[in-house]
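All remarks here apply to the structure that follows.
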Amino acid sequence: MNKANELKQILLVEDDASLALWFSDYLTEHGYGVKVIARGDLAVQAIKNETPDLVVLDIMLPGRSGFDICREARTFYQRPILMMTARDEEMDEVLGLELGADDYVAKPVKPRVLLARIEALLRRQTRSVSATSSVNENKLAFGALTIDLLSRAATLEDRVIELSTNEFDLLWMLAQSAGTAVARDHICREMRGIEYDGFDRSTDMLISRLRKKLGDDLSRPYRIKTVWGKGYLLAPDAWETPG
């Protein structure tokens with residue numbers, strides 16, 4: 001096999017040519033294949049054509065915003081999306097996460113920080129794909145909910161639930177500890193590779209998206225519960241098919 005074909009492929013959507021070159025050179029030096037797209041209106045088709053292992057997506061782009069790209073990409077692309085924002089505004093981060101981004105970084109960002117975030121996202125995906133333990137350990141079922149680690153698929157009442165990489169990983173994490181609260185600090189370290197700083201909203205947004213996709217009651221969640229002061233808990237007895 002050609003060695004180039006073994007590289008993890010990253011699609012970098014960034015209109016600042018000098019910044020894109022800086023990031024691209026740095027990531028290439030660290031063993032990644034990188035393709036750069038400079039316009040937002042070309043990004044969705046590029047994601048479809050390239051099917052990269054990860055997308056780094058700027059928000060402010062000519063032709064189309066990163067928010068619009070993320071929203072449309074999530075209808076067909078389930079691999080990690082890492083968003084970059086030039087504005088230090090919480091709403092940018094929250095909106096990106098609500099639209100399906102897996103993580104975000106605020107500019108200016110150092111290449112090594114960007115690399116660390118990329119590697120954290122890809123590492124979880126690689127661990128899941130390469131899992132070799134028994135079928136029972138790789139498949140969990142709670143009533144009408146079934147989660148399969150090897151195929152990275154979740155079904156509810158025999159209906160496949162479309163989940164992003166982060167959504168699936170968080171659901172699997174909660175399912176492995178069903179009935180016990182998983183601490184927010186632990187989730188943040190596992191999902192983003194960083195310590196929880198008391199202000200990070202990424203976990204909240206992921207939980208909200210999971211609840212919506214899994215048919216939970218958003219006003220009074222009973223399938224994925226918030227345990228105040230402890231974390232989040234997947235209720236193992238809350239997945240029976242309504243009779």
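The values are calculated or read from the model by the stated rules, or taken from the named source; none is laboratory data. The structure presented is a predicted model; accordingly, all values stated were derived computationally and were not measured. So basically every Cβ, Gly included, is an ideal-geometry build from the backbone, and we count neighbours across all protein chains shown.
Results, tabulated for the structure shown:
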quantity	calculated
Selection within the range 210-231 - outside any strand (DSSP E or B) and among the small types (Gly, Ala, Ser)	215, 219, 229
Filter result (over 11 Å from the mean Cα position of the chain (by Cα), assigned to a loop (DSSP other than H, G, I, E, B) and modelled with pLDDT of 85 or more) within the range 78-106	none
Residue that is modelled with the lowest pLDDT, among those in the range 185-199 that are buried (at least 19 other Cβ atoms within 10 Å of the Cβ) and either more than 20 Å from residue 145 (Cβ to Cβ) or not β-branched (Val, Ile, Thr) (or both)	192
Test set (1) at pLDDT below 85; (2) outside any loop (DSSP other than H, G, I, E, B); (3) more than 17 Å from the chain's Cα centre (by Cα) - residue 166 fails condition number	(3)
Positions within the range 105-124 being hydrophobic (A, V, I, L, M, F, W, C), under 14 Å from residue 81 (Cβ atoms) and in contact (Cβ under 8 Å) with a residue 24 or more places away in the chain, in sequence order	114, 118, 120, 121, 122
Residue count, the range 107-128 (criterion: within 23 Å of residue 152 (Cα to Cα), modelled with pLDDT of 75 or more, of a type outside the set (Lys, Arg) and surrounded by 18 or more Cβ atoms within 10 Å (Cβ to Cβ))	4
